[in-house]
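Right, one structure below, let's go through it.
FYI, it's all coordinate maths here, none of it is from the lab. Remember, it's a predicted structure, so these values are computed and weren't measured experimentally. FYI the Cβ positions are ideal-geometry reconstructions off the backbone, even for glycines, and counts take in every protein chain you see.
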Amino acid sequence: MPRIGVFVCQCGTNIASTVDTKKVAEEMAKIPGVVYTGDYKFMCSAPGQDNLKEIVKEHKLDGVIVSACSPHMHEKTFRKACEAAGLNPYKCEITNIREQCSWVHHDPTKTAGTAKSIDLTRMTIERLKKNKSLSKIKIPIKKKALVIGGGIAGIQAALDIAEGGRQVILVEREPSIGGNMAKLSETFPTMDCSQCIMTPKMVEASLNENIKILTWSEVEKVDGYIGNFTVQIRKKARYVNEDLCNGCGLCIEKCPFKATSEFEMGMSQRKVIYTPFPQAVPNIPVIDAANCPKIQKDKCGACAIVCGPKCIDFKQQDTVITEDVGAIIVATGYQLMPNERFGEYGYGKIKDVISGLQFERLASASGPTGGEIRRPSDGKTPKNVVFIQCVGSRDEKKGVSYCSKICCMYTAKHTMLYKHKVHDGQSYVFYMDIRAGGKRYEEFVRRAIEHDGAMYLRGRVSRVYEKDGKVIVQGADTLSGNQVEIEADMVVLATAIVSKEGADTMAQKLGIGYDKYKFYNEYHPKLKPVETVTAGIYLAGTCVGPMDIPDSVSMGSAAASKVLALFSNDQMARETITANVNRVTCNACWDCLVACPYTAIEKEEVKNRQGAVIRMLARVNEGVCQGCGVCVAVCRSKSIDLRGYTDEQVYAAINAF
Amino acid sequence: MKIPYYPGCTLNTVAKGFDTSARVSAVLLGFELKELGQWNCCGATFPLTPDNVMGLTAPTKVLVNAKKEGDTVTTLCSVCYNVLKRTNKLVRDNKEKRSVINNFIEEEYDGSLNVIHFLEILRDKIGFDKVKAAVRRPLKGIKAGAYYGCMLLRPFEDIGIDKAEGPTIFEDLLKALGCEPMEFPNKIECCGAHLAMGNEDVVTKLSGNVLSSAKNKGAEILVTSCPLCQYNLEKSQKRMEGSAGGTQMPILYFTQLLGLALGQDEGTLGLDKNLFDVRPLLKAKGV
């Protein structure tokens, strides 16, 4: 016979005003197996807990019911108290008679409230009789992190983890780390040169002994769970031996062939063997195989001839390396929506209609014009420049419904950069609303308007077309109510930020969630902003949604601190409420495998003595399982149960009702 | 192939050439436009206020009559096309409005008709390559500007005949006929439309912009599928006659060019009804 104690809490008057707690306690005493009952003013108070511990010892209880508030509030508290008194914490159960009973009753005679509390408590008692002693799951932790994406968020995260003394692998799919920030000219609101603040961080990352940088590489497969991930990384053929190359650049100088530069946003040419930009990290070139005549037709090979250390290898193949890591930070960044979608702005047809990132390159000292603002069509200095904001942002019909957040600020910055470089130039900005929330942001926009004379026009542009070497912009100025037509020399589009190409397949590899725009979902948008639903995988930067540099950096550091906290333990204790497969009845239909949102179900092979596979079984990876119970619901042969929430327990509770 | 055909009022009166040229061209391309046995005005505008169901009764009646003759109905006039296609979609998708309209006109129509433009027949059912093969008199050297106006393309979700920005269906046809299509920025701008009734100055300005924009890009004629655009562009040129920037550009229905290219006798195409005659240009170009 079990020895159960029932403790009914009055919660001041929260419960006692509509529930007769004394009566509840008395009624419970009549149930077989209950050896102690009592009510108390505040069970969660220190004296209340001490009282509970004493009674557990005194009456040699092997099970405890606390009928009080929601288990979300104090389940942990009472289980801890029971544990202190020598009881298995999973032999303590909570009956919710506050949120689900007393708070919804108003009757001062306490009739209904008391009756319901008695029913609820009786159900919990019967459930508790079926409880088993459980223990927490311990998982070893591999103290090495993987950061996916070498933009500013990823670099910051890698640096912080390395600073904490842990090893990091930084994977970047481009030939150099740096991401989009490396392309920017100056940054708002301080107007410091982007490369001047970015490149020291890139160099720092490359010199840090704890950081291993893999550029021109992509994550191919992720297996495992928190503390124990196995990651396969594809190192794309670079055709240059990274161990031998000393970065002298002679091969680039002598290469006779050119292709369009991705880094310069198509506004200039680069060599076929190239580093994307002069400050690239690592300073090791890569051969653009699609455009290389040697690789395609076995002609040329000039780079191999001039290379001193003989590191050019035209036969190099992709290699896949495997790394074991304990935590993963995803910082895959953003890209711009294709401007061609907006036919009315003429992007792609009119040469002098460019994107904001292209303007950044024009304004950058290392850009295609050496920092002079010259328009792409004829290289002339534009005297009138129109900036169009919200191209695709806040536009449910043709673009995305969200605000891209940074465009108001960088457009203001663009007008200032333009004015500082072309003193007699005039800039016009078509905007919907100016959204300048942030430290010193509003002042920055005011400076663009008041000091640098940017003409802000509230309204949309209906059409952009070419006429006699000018770019004519037709639009509305809704504040004056007039239609306006501006003869511009160049038009800059503040295009919407969208998630990176392939963000969805990456999320599927990792088993993390994403929204309809393929931005990654946080575990909780406010309280767990860098965690994902998959334990051990964290987020940083614009893969979550549009954000500026300070936010990306903060998120990188925040994700790193989460990883370091995880790595500060050798083992990790996890809640034991996980699914459990009955190995006798499981018939391997794999319904659970399909249904599991956390990819926690694995296929297990059962072998005979000769080593031949005789049957298959579903196996739950306890490191990954979150105890949601979906597999329990879909299992047709009832072969899966949730520890601590077994069918037996639930039926017992229902039968007691 | 017989395709049920809704001409609309204008094609029965002032735009007769649009109607006749389309009918004869169809025959030359191996199909027949079969005029609906009974039809009424489409209403000529799609009501923009959401609660105005009255304006939808006339087009729904047209659709009811068309449904009796087949699953498809075709039309030529951009406005009729716009009104019929949008009304059909609304009746199909909005059950509440559907029952109000049906109750009022005492019919049971469910929006199952397929409303297509004559251009869609040429592109999707015949194919521009077949049209090209049928050309007997290639219009070599004729620099034609394709003027879409608004009604043929917008709103994109309801019409969808081609991209609302940067459409090419007209140009593709013109190329098949041997013309040289001239791209110009105002090809999808408004001509002034119904303001022709009360505010001619606006029409003159907007149509003038279309004309000068086309002329600047080298167009010698403009091609349209809308009788109202045709009227506004012609009348505006008359009003601006003699003034600086005035033009003398023939404004043709695309079917008139089609008929010419297919070798149809000029007399049946209604070319004489146009205010600015295209024939001298044809002669000069040796077509």
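What to note about this one:
- Cα extents of region A:4-129 along the three principal axes, largest first (Å): 40, 29, 20
- Couplings 3J(HN,Hα) for region A:346-362, derived from phi with the Karplus relation 6.51 cos²θ - 1.76 cosθ + 1.60 (θ = phi - 60°), are x, 4, x, 9, 9, 4, 8, 9, 10, 8, x, 5, 5, 5, 4, 5, 4 Hz, where x marks Gly and Pro.
- Structure note, pairs A:Lys235/A:Lys603; A:Lys91/A:Lys136; A:Lys41/A:Lys129: Cα-Cα distances above 22 angstrom occur for A:Lys235/A:Lys603; A:Lys41/A:Lys129.
- The residues neighbouring B:Asp201, those whose beta-carbon lies less than 13 Å from its own, together hold a net charge of +2 under the Lys/Arg +1, Asp/Glu -1 convention.
- Evaluating kT/(6 pi eta Rh) at 37 °C and 0.692 mPa s, with the Kirkwood radius of region A:173-246 over Cα pairs in the Stokes-Einstein relation, gives 220 µm² s⁻¹.
- Beta bridges by DSSP in the protein assembly as shown, antiparallel share as percent, to the nearest 5: 45
- Whole-number D in µm² s⁻¹ for region B:2-118, Kirkwood Cα-pair radius fed into Stokes-Einstein, 25 °C, 0.890 mPa s: 171
- Karplus-derived HN-Hα couplings along region A:16-31 (A = 6.51, B = -1.76, C = 1.60, θ = phi - 60°), whole Hz, x at Gly and Pro: 5, 5, 10, 10, 7, 5, 4, 5, 4, 4, 4, 4, 5, 4, 7, 7
- Qualifying trypsin sites (Lys or Arg not before Pro) in region A:617-650, where qualification requires a DSSP coil assignment and no more than 11 other C-beta atoms within 10 Å, comprise A:Arg636, A:Lys638.
- Contour excess over end-to-end distance, with Cα ends at A:Ala588 and A:Val203 and 0.36 nm allotted per residue: 133.4 nm
- For A:Ser355, the residues 5 or more places off, or on other chains, whose built amide H falls under 5 Å of its own are A:Leu493.
- Gyration tensor verdict on region A:334-498 (Cα atoms; rounded if a/c is under 1.5, prolate if a/b is larger than b/c, oblate otherwise): rounded
- Loop GluC sites (Glu not before Pro), region A:522-628 (other Cβ atoms within 10 Å of the site Cβ: 16 or fewer; DSSP): A:Glu575
- Under the shape rule built on the C-alpha gyration tensor, where the axes satisfy a ≥ b ≥ c, region A:187-307 is oblate, since a/c reaches at least 1.5 while a/b does not exceed b/c.
- Where trypsin sites (Lys or Arg not before Pro) fall in DSSP loop in region A:477-529, at most 16 other Cβ within 10 Å: A:Lys516, A:Lys526
- Relative contact order %, chain A, counting alpha carbon pairs below 8 Å whose residues are six or more apart: 13
- Distance histogram in 5 Å bins (all Cα pairs of region B:26-82, percent per bin): 4, 17, 24, 24, 15, 9, 4, 2, 1
- Förster radius 56 Å - calculated FRET efficiency between A:Arg615 and A:Leu244, Cβ distance, rounded to 0.05: 0.60
- Structure remark: mean-square fluctuation, Gaussian network model of chain B, C-alpha springs under 10 Å; the largest value among B:Ala164, B:Ala44, B:Ala133 belongs to B:Ala133.
- Using R0 = 45 Å, the C-beta based FRET efficiency linking A:Val320 and A:Ile654 works out to 0.30.
- Across all directions, the average flat footprint of the convex hull enclosing the Cα atoms of chain A is 39.8 nm².
- Across every direction, the projection of the convex hull enclosing the Cα atoms of region A:10-77 has a mean area of 4.7 nm².
- The amide H of B:Thr72, built 1.01 Å from its N in the peptide plane, has B:Asn114 as neighbours under 5 Å, considering only residues 5 or more places off or on other chains.
- Using alpha-carbon coordinates, inclination of helix A:549-567 to the longest axis of chain A, degrees: 40
- Cβ neighbours within 10 Å from other chains - mean over A:408-421: 0
- Residues A:Val34, B:Val210 arranged by fewest to most Cβ contacts within 10 Å: A:Val34, B:Val210
- Over all other residues within a Cβ to Cβ distance under 14 Å of A:Ile94, the charged ones net out to +3, with Lys and Arg as +1 and Asp and Glu as -1.
- Distant alpha-carbon pairs in region B:136-285 (separation over 21 angstrom), percent: 41
- When B:Met197, A:Met572, A:Met409, B:Met54 are arranged by Cβ crowding within 10 Å, least crowded first, meaning fewest neighbours, the order is B:Met197, B:Met54, A:Met572, A:Met409.
- Taking a ≥ b ≥ c as the square roots of the eigenvalues of the alpha-carbon gyration tensor, region A:579-655 is classed prolate because a/c is 1.5 or more and a/b outweighs b/c.
- HN-Hα J in Hz across region B:141-157 - Karplus 6.51, -1.76, 1.60, θ = phi - 60°, x for Gly and Pro: x, 7, 8, 10, x, 8, 9, 7, x, 9, 5, 6, 10, 10, x, 4, 5
- Region A:452-470 and region A:618-657: distance between their alpha carbon centers, rounded to Å: 63
- Residues with amide H under 5 Å from that of A:Val147, placed H, sequence gap 5 or more: A:Ile169, A:Leu170, A:Val171, A:Ile329
- Label separation (A:Glu602 vs A:Lys297): 5.2 nm, computed from points 7 Å beyond Cα along the C-beta direction.
- Rg(Cα)/(2.2 N^0.38 Å) for chain B, N = residue count: 0.99
- Listing A:Met43, B:Met182, A:Met123, B:Met1 from fewest to most neighbouring C-beta atoms within 10 Å gives B:Met1, A:Met123, B:Met182, A:Met43.
- Inter-probe distance in nm under a simple model that places probes 7 Å from Cα toward Cβ, at B:Lys175 and B:Asp110: 4.1
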